[in-house]
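One structure is given below, encoded as structure tokens.
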Amino acid sequence: MGRAKHHQMEQEGKVDHALALCVQVGAAEECEFHPGTYLDSMEFFDYEELADKIVNEVPDAMDGFNSRDELVECVESAMGMAGDECGSCASYRDS
């Protein structure tokens, strides 16, 4: 495996970890009908503030991140993937 692919996989793992931390503090939740689809609780609009909450509430939150800035970056990426509505549920509802 090349360096670029390894770095990409490592970064994806960090974003997945950040998403799990967001779920743990209530900033996101998994759709009850579509596992792997995450919804933004719309409680946090400032990723710095969300990172602070994560660090304050989860003792080992920084494990796997090289810096707080990296955590904030991964939290931003993770929350960017979480929608305000599950696309699959919305499609079913609208059909």
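In a Debye calculation with equal point scatterers on the alpha-carbon sites of the chain and no solvent, what is log10 I(q)/I(0) at q = 0.15, 0.16 Å⁻¹?
Rounded to two decimals, the profile gives -0.60, -0.67.
Tell me the accessible surface of H34 in square angstrom (1.4 angstrom probe, heavy atoms of protein chains only), to the nearest ten.
Accessible area, nearest 10 Å²: 60 Å².
Could you check which residue among L71, L19, L39 shows the biggest mean-square fluctuation in a GNM of the chain with a 10 Å Cα cutoff?
It is L39.
Before rounding to the nearest 500, sum -39500 (n - 2.57) across all DSSP H runs of length at least 4 in the chain and divide by the residue total; then give [θ] at 222 nm in deg cm²/dmol. Please report the intermediate quantities before stating the final value.
Working: 4 runs with 55 residues, N = 95.
After summing the helix terms and dividing by the residues of the chain, the value is -18500 deg cm²/dmol.
List residues of segment 39-65, by number, whose backbone nitrogen lies under 14 Å from a label position 7 Å along Cα→C-beta of D84.
Inside the label zone: 39-45.
Expressed as a whole percentage, what fraction of the accessible surface of the chain belongs to carbon and sulfur atoms when a 1.4 Å probe is rolled over the protein heavy atoms?
Working: 2990 of 6200 Å².
Summing carbon and sulfur atoms, their accessible area is 48 percent of the total for the chain.
At a 4.7 angstrom Cβ threshold, list every cysteine in the chain that has nobody to pair with, or say none.
C22, C74
Check every DSSP H run in the chain and write down those whose alpha carbon atoms cover 18 angstrom or more along the long axis and whose mean Kyte-Doolittle hydropathy is -1.0 or greater.
On the way: long enough: 3-24 (31 Å, -0.80); 68-81 (20 Å, 0.04).
Long hydrophobic helices here: 3-24, 68-81.
Between F45, F33, F65, which gets the highest mean-square fluctuation from a Gaussian network model of the chain, Cα cutoff 10 Å?
In the Gaussian network model the winner is F33.
Could you give the length gained by full extension between C31 and S91, i.e. 0.36 nm per residue of separation minus their alpha carbon distance, to one decimal place? Walk me through the numbers before you get to the answer.
On the way: separation 60, 0.36 × 60 = 21.60 nm, distance 1.38 nm.
Full extension of this stretch gives 20.2 nm more.
Compute the length gained on full extension between V58 and M1: take 0.36 nm times their separation in residues and subtract their Cα-Cα distance, giving the result in nm to one decimal.
Working: separation 57, 0.36 × 57 = 20.52 nm, distance 3.32 nm.
Answer, rounded to one decimal: 17.2 nm.
Would you kindly state how much longer the chain becomes between R68 and D46 on full extension, computed as 0.36 nm times their sequence separation minus their alpha carbon distance, in nm to one decimal?
Values: separation 22, 0.36 × 22 = 7.92 nm, distance 1.44 nm.
Answer, rounded to one decimal: 6.5 nm.
Please report the relative contact order for the chain, taking Cα pairs under 8 Å with a sequence separation of at least 6, and give it as a percent rounded to a whole number. Mind dumping the intermediate values first?
On the way: 91 pairs, mean separation 31.8, N = 95.
Here the relative contact order equals 33 percent.
The values are calculated or read from the model by the stated rules, or taken from the named source; none is laboratory data. Remember, predicted model here, so these are calculated numbers, not experimental data. Because the Cβ atoms are built from the backbone with ideal geometry, glycine has one as well, and the counts that use them run over all protein chains shown. Surface areas here come from the heavy atoms of the whole protein model, side chains and all, with no ligands, DNA or RNA. Shrake-Rupley method; radii C 1.70, N 1.55, O 1.52, S 1.80 Å.
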